[in-house]
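Here the structure is laid out as C-alpha cells; the discussion comes afterwards.
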Amino acid sequence: MKKSNAAMVCFSGGQDSTTCLFWAKKHFSRVEAVCFTYGQKHSKEVEVARQIAGDADVPFQLLDVSLISQLDQNCSLVNPQLAMDEEKPADSYPNTFVPGRNMVFLTFAAILARSKGIFDLVTGVSEADFSGYPDCRDTFIRSLNVTLNLAMDEQFVIHTPLMNRDKSEVWELSDQLGVFDLVRTRTLTCYNGIIADGCGHCPACKLRKHGLEEYLKRRGLKDNR
C-alpha cells in the first residue's frame, strides 16, 4: 500500500493508541500525535505518551480540555471520590465512561490538524470495547466525520484501524507492526496509572490481560504447526 501524506493521531500512550500510532507510521509519510489532559486522576499517561512519541520520532502536542471534568462529576476517571465500577452495570454504562470525550478529542484534533494541512485523523476506538461506550461506535465516528467536514468545509477522513478488532486482535496487530514488546512493556492502559501489566483488577487491565492471553495462545498454536 502506497503511503498517503499525513495523519494526526489521537494519542494517550495506551495499548490502543500506541498501536494506532505505529499503524499510522506504516501508512502515512508524516505522522503527528495529539494528547489531551481532561482532568483525569493521573497524569502519568501524558508522560508515557510523550516518551513513546519521541522515541517514534513523531511530533507531539498536548491540549488541555479539562473543562470536560467540570461538566460531569459522575465519572470515576475524573472524580477521585467515586469508586470505580469493575464490571459493566446491566442497565447502563460503567462509571468509567466520560461523556463526550471522543467527540471533543476528535473535534480538537481536527482543528489542530487543519492548521497543519493534515486531513487524516486516526483514533483507537473499537466497537469490541468491553463497555460498549456509545462514542466508540462506528455509527458515531461516521456521523462526526460528516459533521467535521460540514463545520470546516474540508474533507477529513477519520481512520479507526481497531474498530472491529477485539483486544487479542489488537495485540496481534501490534505484533505485525513490530511493536509488540513496546506495547506490552511501555504503554499505560491501567485506570489506576500503572504502566505495562497495570494493577490487574481495573476493567482496562482485565481486558488487556484477557486479550494478551488469547493472542499468545493463538500465536503459540500457530508457531507449533
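Considering only residues of the stretch 179-211 that are in contact with a Phe, Trp or Tyr (Cβ under 6 Å, 6 or more places away or on another chain) and part of a loop (DSSP other than H, G, I, E, B), which is nearest to THR96 (Cα to Cα)?
Across the stretch 179-211, the extreme among qualifying residues is CYS202.
If ARG114 satisfies all but one of (1) at pLDDT 95 or above; (2) part of a loop (DSSP other than H, G, I, E, B), what's the number of the condition it fails?
Exception for ARG114: condition (2).
Can you tell me which of (1) surrounded by 18 or more Cβ atoms within 10 Å (Cβ to Cβ); (2) out of contact with any helix residue (DSSP H, G or I) (no Cβ under 9 Å at 6 or more places or on another chain); (3) assigned to a helix (DSSP H, G or I) is the one LYS26 doesn't meet?
(1)
Only one of (1) among the charged types (D, E, K, R); (2) within 28 Å of LYS206 (Cβ to Cβ); (3) open to solvent by 40 Å² or more (accessible area, probe 1.4 Å) is not met by GLU45, so which one is it?
Answer for GLU45: the failing condition is (3).
Taking into account only those residues within the stretch 118-132 that are open to solvent by 10 Å² or more (accessible area, probe 1.4 Å) and over 12 Å from the mean Cα position of the chain (by Cα), which is nearest to ALA49 (Cα to Cα)?
Of everything passing the filter in the stretch 118-132, ASP120 is nearest to ALA49 (Cα to Cα).
Run down PHE108, PHE140 and say which single residue is within 21 Å of GLY39 (Cβ to Cβ) and of a type in the set (A, V, I, L, M, F, W, C). If you could, list the steps in order and put the result at the bottom.
On the way: PHE140 fails: within 21 Å of GLY39 (Cβ to Cβ).
Of PHE108, PHE140, the one residue that is within 21 Å of GLY39 (Cβ to Cβ) and of a type in the set (A, V, I, L, M, F, W, C) is PHE108.
When both residues are 6+ apart or on different chains and their Cβ atoms are under 8 Å apart, which pairs have a first residue that lies in the stretch 205-218 and is more than 18 Å from ASP85 (Cα to Cα), and a second that is open to solvent by 80 Å² or more (accessible area, probe 1.4 Å)?
LEU212/ARG184
I need a count of the residues in the stretch 182-222 that are farther than 21 Å from GLY39 by Cβ, in contact with a Lys or Arg (Cβ under 6 Å, 6 or more places away or on another chain) and either open to solvent by 20 Å² or more (accessible area, probe 1.4 Å) or hydroxyl-bearing (Ser, Thr, Tyr) (or both).
Of the residues in that region, 1 qualify.
Are there any pairs with C-beta distances below 6 angstrom linking a residue in the stretch 186-198 that is at positive phi and touching a residue at least 40 places away in the same chain (Cβ under 8 Å) to a residue that is part of a loop (DSSP other than H, G, I, E, B) and of a type outside the set (Lys, Arg), with the two at least 6 apart or on different chains, and if so which?
GLY193/HIS42
Out of the residues in the stretch 137-162 that are open to solvent by 40 Å² or more (accessible area, probe 1.4 Å) and in a loop (DSSP other than H, G, I, E, B), state the one that is farthest from PHE11 (Cα to Cα).
ASP153
Picking from PHE11, PHE97, which residue would you name as being touching a residue at least 40 places away in the same chain (Cβ under 8 Å) and of a type in the set (A, V, I, L, M, F, W, C)?
Working: PHE97 fails: touching a residue at least 40 places away in the same chain (Cβ under 8 Å).
Going through PHE11, PHE97 in turn, the sole match is PHE11.
The values are calculated or read from the model by the stated rules, or taken from the named source; none is laboratory data. It should be emphasised that the depicted structure is a prediction, and the values quoted were computed from it without experimental measurement. Cβ sites come from the backbone with ideal geometry, for glycine too, and all protein chains shown count toward neighbours. Accessible surface is based on the protein model in full, side chains and every heavy atom, while ligands, DNA and RNA are left aside. Shrake-Rupley method; radii C 1.70, N 1.55, O 1.52, S 1.80 Å.
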